Amino acid sequence: MTTSGFKYSILASGSTGNSFYLETPKKRILVDAGLSGKKITSLLAEIGRDPKDLDAILVTHEHKDHIHGVGVLARKYHLDIYANEKTWQVMDEQNMLGKIAVEQKHIFERGKVLTFGDVDIESFGVSHDAVDPQFYRFMKDDKSFVMLTDTGYVSDRMAGIIENADAYLIESNHDVEILRSGMYPWKLKQRILSDKGHLSNEDGAGTMIRTIGNKTKKIYLGHLSKENNIKELAHMTMENNLLQADFAVGKDFQVYDTSPDSATPLSLI
């Protein structure tokens, strides 16, 4: 295993379930486990990894598509779980994870940097209809990966935190016109389109235009809605907007798709 940078895979990304895997020479981490323990295990097997080798699970927020398998995996493999205090409070009050031993529960507050073995992890708040949602920037050996989904908009503060990463998982949840004309109830449409909802394809592209730097090499499109988006449309929207902003798409960096039910190849950053 290389001693510089880290390896990662987006195990699943979509409105039905989300999970991200990262490994360094010293640590193996999941961010969210929004599918069954069995499915997470099979996704890890796709990249030649086993949940028994994990050290911890970081939780972004308490929605089911991010925590569905957290409790099962934590109990079976005795994993540490990290979330901020308000997220822990709501998960405990509503028994979302089942019984978790006290020694497995850890606080990772929003806006802090946690040194976890040989990787630094910065948490930052997002605008979503959860109690205290946060996402993460992973940093090691002057390399960084940013996860940013489940937010209704990207503030200047957030943009500053995530700028010039080597790689991004950025939300491209919906196409606005497909959502507006689709079958969802109006109240749900309003929620998705709100400042506490999800980034559209256009919003995700606009965020990348604001934050891409010279180091950026990979952009992964994440959290696509099965009902309100089309993978090819999301990809085209991102590339076209970046090209119109004079970014050298396909030369300086590449745009990649993700899947709700299959892992991206284990990659080195």
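Hey, could you check the range 167-181 for residues that are within 26 Å of Ile10 (Cβ to Cβ) and of a type outside the set (A, V, I, L, M, F, W, C) and say which is most open to solvent (accessible area, probe 1.4 Å)?
The initial filter retains those residues of the range 167-181 that are within 26 Å of Ile10 (Cβ to Cβ), namely 167-176, 178-179.
Filter again for of a type outside the set (A, V, I, L, M, F, W, C), leaving 168, 171-175.
Numbers: Tyr168: 2, Glu171: 0, Ser172: 1, Asn173: 7, His174: 2, Asp175: 34 Å².
Among residues in the range 167-181 that are within 26 Å of Ile10 (Cβ to Cβ) and of a type outside the set (A, V, I, L, M, F, W, C), the one most open to solvent (accessible area, probe 1.4 Å) is Asp175.
Please go through the range 154-175 and give me each residue that is touching a helix residue (DSSP H, G or I) at 6+ places or on another chain (Cβ under 9 Å) and more than 18 Å from Gly125 (Cβ to Cβ), ordered by number.
Correct list: Asn164, Ser172, Asn173, His174, Asp175.
Within the range 40-79, how many residues are at negative phi, without any contact (Cβ under 8 Å) to a residue 40 or more places away in the chain and surrounded by fewer than 17 Cβ atoms within 10 Å (Cβ to Cβ)?
Result for the range 40-79: 9.
Give me the residue from the range 182-211 that is open to solvent by less than 20 Å² (accessible area, probe 1.4 Å) and assigned to a loop (DSSP other than H, G, I, E, B) and, out of that set, farthest from His63 (Cα to Cα).
Leu199
In the range 7-39, how many residues are in contact with a Phe, Trp or Tyr (Cβ under 7 Å, 6 or more places away or on another chain), assigned to a loop (DSSP other than H, G, I, E, B) and at negative phi?
Selection size over the range 7-39: 2.
Out of everything in the range 40-50 that is more than 17 Å from Lys76 (Cα to Cα) and part of a loop (DSSP other than H, G, I, E, B), what residue ends up being nearest to the chain's Cα centre (by Cα)?
Looking at the filtered set, the residue picked out is Ile47.
Here's the yes/no breakdown for (1) of a type in the set (Lys, Arg); (2) under 13 Å from the mean Cα position of the chain (by Cα):
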| position | (1), (2) |
| --- | --- |
| His128 | no, no |
| Arg137 | yes, yes |
| Ser144 | no, no |
| Gly152 | no, no |
| Asp156 | no, no |
| Ile161 | no, no |
| Tyr168 | no, yes |
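Which of the residues that make up the range 80-101 are outside any helix (DSSP H, G or I) and farther than 17 Å from Tyr136 by Cβ?
Within the range 80-101, Gln94, Asn95, Met96, Leu97, Gly98, Lys99, Ile100, Ala101 qualify.
In contact with a helix residue (DSSP H, G or I) (Cβ under 9 Å, 6 or more places away or on another chain) and closer than 15 Å to Val131 by Cα: which single residue out of Thr41, Thr60 fits that description?
On the way: Thr41 fails: closer than 15 Å to Val131 by Cα.
After ruling out the rest, the residue left standing is Thr60.
Here are the criteria: (1) surrounded by fewer than 21 Cβ atoms within 10 Å (Cβ to Cβ); (2) of a type in the set (S, T, N, Q); (3) in contact with a strand residue (DSSP E or B) (Cβ under 7 Å, 6 or more places away or on another chain). Tell me which single one Asn214 does not satisfy.
It fails just one condition, (3).
Would it be correct to say that Ala12 is surrounded by 24 or more Cβ atoms within 10 Å (Cβ to Cβ) and either within 21 Å of Leu114 (Cβ to Cβ) or of a type in the set (Val, Ile, Thr) (or both)?
On the way: surrounded by 24 or more Cβ atoms within 10 Å (Cβ to Cβ): yes; either within 21 Å of Leu114 (Cβ to Cβ) or of a type in the set (Val, Ile, Thr) (or both): no.
In short, no.
Only residues that are closer than 15 Å to Val31 by Cβ, open to solvent by less than 50 Å² (accessible area, probe 1.4 Å) and among the acidic types (Asp, Glu): list them for the range 110-152, please.
Selection gives Glu122, Asp150.
Cβ-Cβ below 6 Å, separation at least six or inter-chain, first residue in the range 258-269 and in a loop (DSSP other than H, G, I, E, B), second at pLDDT below 95 and of a type outside the set (Val, Ile, Thr): which pairs?
If the second residue must be at pLDDT below 95 and of a type outside the set (Val, Ile, Thr), the pairs left are Ile269/Gly5.
The values are calculated or read from the model by the stated rules, or taken from the named source; none is laboratory data. Just so you know, these numbers come straight off a predicted model, no measurement behind them. Please note: Cβ atoms are built from the backbone with ideal geometry, for glycine as well, and neighbour counts cover all protein chains shown. In case anyone asks, the SASA skips ligands and DNA or RNA and just uses the protein heavy atoms, side chains included. Shrake-Rupley method; radii C 1.70, N 1.55, O 1.52, S 1.80 Å.
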